[in-house]
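Novice: Have a look at this one.
The values are calculated or read from the model by the stated rules, or taken from the named source; none is laboratory data. Bear in mind that the values here come from a model prediction, so they are computed numbers and not experimental data. Methodologically, a virtual Cβ is constructed for each residue, glycine included, from the backbone with ideal geometry; neighbour enumeration extends over all protein chains shown. To get the accessible areas, we keep the full protein, side chains included, count just its heavy atoms, and leave off ligands, DNA and RNA. Shrake-Rupley method; radii C 1.70, N 1.55, O 1.52, S 1.80 Å.
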Amino acid sequence: MSSNIVIVESPAKAKTIEKYLGKDFKVLASYGHVRDLIPKEGAVDPVNGYAMKYAVIEKNEKHVAAIEKAIRKADALYLATDPDREGEAISWHLYELLNERGLLDDLEVHRVVFYEITKGAIQAAIDEPRGLSADLVNAQQARRALDYLVGFNLSPLLWKKVRQGLSAGRVQSPALRMIVERELEIEAFNPREYWTLEADVSQSGSEFAARLAEYRGEKVEQFTFENEQTATETRNALISAAGGQANAEESGGQLRVNAVERKQRKRNPAAPFTTSTMQQEASRKLGFGARRTMMTAQRLYEGIDTGEGAVGLITYMRTDSVNLSADAVTEIRGFIEERYGKDNLPDDVRTYKTKAKNAQEAHEGIRPTSVRNTPDDLKPHLNEDQFKLYSLIWKRTVACQMIHALFDMVALDLLPAKDPGVGRFRATGSTLVKPGFIAVYQEGQDDVKDDEAASALPKVEEGDMIDLRQVRADQHFTEPPPRYSEASLVKTLEEYGIGRPSTYASIISTLQNREYVEMDGKRFIPTDVGRVVNRFLANHFTQYVDYGFTARMEDELDEVSRGERDWVPVLEAFWTPFEKLVEEKDATVSRDDQSRLLGTDPKSGKPVSVRMGRYGAFVQIGTREDEEKPKFAGLRPGQKMDTIQMDEAMELFKLPRKLGETPEGEPVSASIGRFGPYVKYGNKFVSIKEDDPYTIELPRALELVAEKKIADANRLILDFPEQGIQVLNGRYGPYVTNKEKNARVPKDREPKTLTLAECEELLAAAPMRGRRGKAAKKKAAEKKATAKKAAKKKTTAKKKKKKKKAKARKKAGKKTAAKKGTGKSAPAAPAGGD
């Protein structure tokens, strides 16, 4: 067994690192966190200084056991988890766990950190170990405790006051608020009409457009022309002033060049990627979601086999920093000079400053571990996602150290030749003179138009006459703000200082998994559930979904991570008022408060409301207090709680609709059931897939019934009604059934020729059919629970036995140490433990 044990989070990372360290080191994976707060009430105890009760994560128990086994014969343990708060916490939890089990008494324990998985970086980290950082651990513990206190207190309240299965989170709730508020802005938006006027002109065979910038001495603004009449009158006046004919297909006339402005514009490259900007750009350019981006980046960081073993291809992907190391910059600049020429290399090194609010522990931006690993060279070793993301990171990194792009910008002022005082047109154009970094990479943008997309203009001088072909008056309407995409949501969260880059992917996933939002293309739309939850939180927990409050909490956690603030007072300041508010709302807020009154039922005089239920939004006639049970009807697809009107709601109660009868006299109706819409004939049902139960008529219903009857007839091969035995066509072939047992028909037998005796023989040899329904589910659940309880009991007994042995060894070890002298000491555990 190796004398040095190194612990990292993932097996992929372990495999890459072990290759660099040699035979004296064994690298094992913890598979993420080894323990977490117990998943029940009391995990965080505010009464006793916010003491936390942890338990080993069940699925990782075997990995902890493997680590325990390995360190028993080792001399040193290196905790090499990720270099951020989360990584520090994983190392601390593992240290605490192993220490409690008496396994670290005679072991050197080191904490090592690195930001890229290369041989040099790993060796340097091993050569320069440090102790565990109490500040980083305490910041992570405070964050975890806050999330627990919010989740375990607010989520049950949502269950009681809105519906079961909902959740609220310290960071996810403000993110939901952003999406809902944007949707409300869009719904409340009133489009405003405006008109623009442009001249289509030509010079020496070159055609271009010029917009009206000034009319009769007044600057033209967006709403200068608000209707067709004023726009048309202005158009005719301009054409006339140019000496043209307003009603002609080509108006004719001329414009004179009054001024020519020429200047050069520089555009500088974007900074190296942070986690946030990488997620945004991968969304814009690759169509990747935040989770997909982070999973791909994780794999590139941990190591890819490039033919000579696994190697880490990018630096650590959870970072707020845009800095690059001096060695990396030297390599990048050397590569640029070789590949793109010295004229594409600026004289001075480009440096960038982090713009993100509340930037976390500073290290490098995301870059390739070596720019000499070009995307084309690595393509055979990468899957499609890895190649796309690596190319993006590589290009951005190289471009950030290249020279600026240079544009020639030209602006022309054009006046009507006949009457110059009527108006002034302005034409702009640009030409890319020197691509610089654009030859490698150009940053994408959200919901904006690139002002440098203008085409080149012909060469003209002041006083030149230009032919006017036509003046166009175009109608426009103002547009509402766009819905958030993943890229723009991540950008906004970062700007507000809400959450951290490493949490954005999980925030978005939680909102989708809880069905608080859905996607329209690549844009977020809040669902009815999301709106109800947001309304409840915004009305009753206003402070806790406030963007400023959430950002200030992040500030305070950052201060804890830097050792500038104690973590317990941070929790105390949050918990004391929060606990009181939860208790107050539990007592005073009713579930009925979350409903929306639509009107009064004209037949019964009872209130009609729309509310949220277990299976979604529904309309209710009456109340729970009524003697007669209320009537319910689910909303149709496309209908929303916030927009459904009284007349639409009453239409929902027309089901079941009686349609008529079949030719055999069976009553036919349409309705919606547990499994969706259906047509009922007699006591049988046909599922409706393309038709609407509210509009389907008898002829179409009879078509569906006829198809069903044919399918049922084809399904029946033989029938022995007196014995209750049938031979049927099933999904997997013909079979015999008596409703209690199913027996497959042998392949060498023709099903139609089976006799009653043969069917009875096949059924006698068949097993009983599996139990179905609630009773069967209940029995299966009970059986599973019993097995789990027995396994837990067995595990607890083993742990007690192991603990007893560990204590005995510890005691014996102390006696030996006292006789022999001093032993090796483990680093002191950080403050703020269990």
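Novice: Can you tell me which residues in segment 1-13 are open to solvent by 10 Å² or more (accessible area, probe 1.4 Å), aliphatic (A, V, I, L, M) and within 29 Å of the chain's Cα centre (by Cα)?
Specialist: Of everything in segment 1-13, just one residue is open to solvent by 10 Å² or more (accessible area, probe 1.4 Å), aliphatic (A, V, I, L, M) and within 29 Å of the chain's Cα centre (by Cα), namely A12.
Novice: Any idea which residue in segment 302-316 is surrounded by the fewest Cβ atoms within 10 Å (Cβ to Cβ), counting only those that are closer than 16 Å to G365 by Cβ and out of contact with any Gly (no Cβ under 6 Å at 6 or more places or on another chain)?
Specialist: Filtering segment 302-316 for residues that are closer than 16 Å to G365 by Cβ and out of contact with any Gly (no Cβ under 6 Å at 6 or more places or on another chain), the one surrounded by the fewest Cβ atoms within 10 Å (Cβ to Cβ) comes out as Y316.
Novice: I would also like to ask the following. Collect the residues in segment 635-681 that are part of a strand (DSSP E or B), surrounded by 16 or more Cβ atoms within 10 Å (Cβ to Cβ) and not hydrophobic (A, V, I, L, M, F, W, C), keeping them in residue-number order.
Specialist: R657, S669, S671, P677, Y678, K680, Y681
Novice: Is it the case, given these coordinates, that A701 is open to solvent by less than 20 Å² (accessible area, probe 1.4 Å), in contact (Cβ under 8 Å) with a residue 24 or more places away in the chain and in contact with a Phe, Trp or Tyr (Cβ under 9 Å, 6 or more places away or on another chain)?
Specialist: yes
Novice: A further question follows. Being within 30 Å of S202 (Cα to Cα) and among the acidic types (D, E): is that true of E261 here?
Specialist: It is true that E261 is within 30 Å of S202 (Cα to Cα) and among the acidic types (D, E).
Novice: Related question: What's the number of the only condition in (1) in a helix (DSSP H, G or I); (2) exposed (fewer than 15 other Cβ atoms within 10 Å of the Cβ) that I438 fails to meet?
Specialist: Among (1) in a helix (DSSP H, G or I); (2) exposed (fewer than 15 other Cβ atoms within 10 Å of the Cβ), the lone unmet condition for I438 is (2).
Novice: Do we find that A142 is in contact with a Phe, Trp or Tyr (Cβ under 9 Å, 6 or more places away or on another chain), without any contact (Cβ under 8 Å) to a residue 24 or more places away in the chain and in a helix (DSSP H, G or I) in this structure?
Specialist: no
Novice: Also, I was wondering about something else. Looking at A573, is it without any contact (Cβ under 8 Å) to a residue 60 or more places away in the chain, of a type in the set (A, V, I, L, M) and either in a helix (DSSP H, G or I) or open to solvent by 10 Å² or more (accessible area, probe 1.4 Å) (or both)?
Specialist: yes
Novice: Right, here's the next one. State yes or no: is T274 in contact (Cβ under 8 Å) with a residue 24 or more places away in the chain and open to solvent by 30 Å² or more (accessible area, probe 1.4 Å)?
Specialist: Taking the combined requirement at face value, the residue does not satisfy it.
Novice: Name every residue in segment 199-222 that is in contact with a Phe, Trp or Tyr (Cβ under 8 Å, 6 or more places away or on another chain) and either open to solvent by 60 Å² or more (accessible area, probe 1.4 Å) or free of Cβ contacts under 8 Å to residues at least 12 places away in the same chain (or both), in order of residue number.
Specialist: R211, Q222
Novice: Then there is this: Every residue in segment 74-122 that is open to solvent by 20 Å² or more (accessible area, probe 1.4 Å), assigned to a helix (DSSP H, G or I) and of a type in the set (K, R), please.
Specialist: Selection gives K119 alone.
Novice: Taking only segment 30-55 into account, find how many residues are outside any strand (DSSP E or B), of a type in the set (V, I, T) and touching a Phe, Trp or Tyr at 6+ places or on another chain (Cβ under 9 Å).
Specialist: So the count comes out to 1.
Novice: Can you go through E116, E96, E100, E128 and tell me which one is over 30 Å from the mean Cα position of the chain (by Cα), farther than 18 Å from S30 by Cβ and acidic (D, E)?
Specialist: E128
Novice: Could you tell me how many of the residues in segment 701-746 are in a strand (DSSP E or B), hydrophobic (A, V, I, L, M, F, W, C) and under 28 Å from K689 (Cα atoms)?
Specialist: So the count comes out to 3.
Novice: Related question: Go through (1) out of contact with any Ser or Thr (no Cβ under 9 Å at 6 or more places or on another chain); (2) surrounded by fewer than 19 Cβ atoms within 10 Å (Cβ to Cβ); (3) not in a loop (DSSP other than H, G, I, E, B) one by one and return the number of the condition D592 breaks.
Specialist: With respect to (1) out of contact with any Ser or Thr (no Cβ under 9 Å at 6 or more places or on another chain); (2) surrounded by fewer than 19 Cβ atoms within 10 Å (Cβ to Cβ); (3) not in a loop (DSSP other than H, G, I, E, B), D592 is out only on (1).
Novice: Further, regarding this structure: Checking E515 against (1) open to solvent by 10 Å² or more (accessible area, probe 1.4 Å); (2) within 25 Å of L635 (Cβ to Cβ); (3) assigned to a helix (DSSP H, G or I); (4) touching a helix residue (DSSP H, G or I) at 6+ places or on another chain (Cβ under 9 Å), which test does it fail?
Specialist: Result: E515 passes all but (3).
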